[in-house]
1. So, in the range 1-29, exactly how many residues are more than 24 Å from residue 76 (Cα to Cα) and modelled with pLDDT of 95 or more?
2. Might you let me know whether the range 93-107 holds any residue that is loosely packed, with under 12 Cβ neighbours inside 10 Å and part of a loop (DSSP other than H, G, I, E, B)?
3. Give the residue, chosen from 60, 85, that is in contact with a strand residue (DSSP E or B) (Cβ under 7 Å, 6 or more places away or on another chain) and surrounded by fewer than 17 Cβ atoms within 10 Å (Cβ to Cβ).
4. For the range 108-135, enumerate the residues that are part of a helix (DSSP H, G or I) and surrounded by 12 or more Cβ atoms within 10 Å (Cβ to Cβ).
5. Is there any pair with a first residue in the range 76-87 that is farther than 21 Å from residue 31 by Cβ and a second that is outside any strand (DSSP E or B) whose Cβ atoms are under 8 Å apart and which are 6 or more apart or on different chains, and what are they?
6. Report, by residue number, each residue of the range 54-80 that is outside any loop (DSSP other than H, G, I, E, B) and more than 19 Å from residue 117 (Cβ to Cβ).
7. Can you find even one residue in the range 43-51 that is at pLDDT 90 or above, under 29 Å from residue 94 (Cβ atoms) and not in a helix (DSSP H, G or I)?
8. Give the residue that is modelled with the highest pLDDT, with candidates limited to residues of the range 81-92 that are in contact with a helix residue (DSSP H, G or I) (Cβ under 7 Å, 6 or more places away or on another chain) and part of a loop (DSSP other than H, G, I, E, B).
């Protein structure tokens, strides 16, 4: 939007959207990859720890519900017993160009045989501590569910 004043100067009003950031973290989980994979890939598994409720439509659209708010995503990539990536459906014009996503990747340290869940969360949440606390709580939920 451009405004003109009486002296013919132009002022542009630019609405800036918050930039998205990538949060990454590694969490040690005392469970096998085969046991963990359903919890990072399926609606029922994700519903056990990740969201208050998770449903999948016949069109393969996942609906994640947190505090009565629904967010829809599609699973854009996965590899059995390795990783799963979900991309949120756009809610704004910026989301169409730069969609939010999260990826959950299972890795095993070959030397120690320790299983790690690597989290990638690309979103517009600006407070890094808030994102860290969110994922710490979610992973604690997962550990309780799998006993690890």
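The values are calculated or read from the model by the stated rules, or taken from the named source; none is laboratory data. For clarity, every value in this text was computed on a predicted model and none was experimentally measured. FYI the Cβ positions are ideal-geometry reconstructions off the backbone, even for glycines, and counts take in every protein chain you see.
1. Total meeting the criteria: 2.
2. Within the range 93-107, none of the residues are loosely packed, with under 12 Cβ neighbours inside 10 Å and part of a loop (DSSP other than H, G, I, E, B).
3. One residue alone meets the criteria, 60.
4. 131, 132, 134, 135
5. 87/99; 87/100
6. 55, 56, 61, 63, 65, 66, 69, 70, 71, 72, 74
7. yes
8. Among those residues, the one meeting the criterion is 81.
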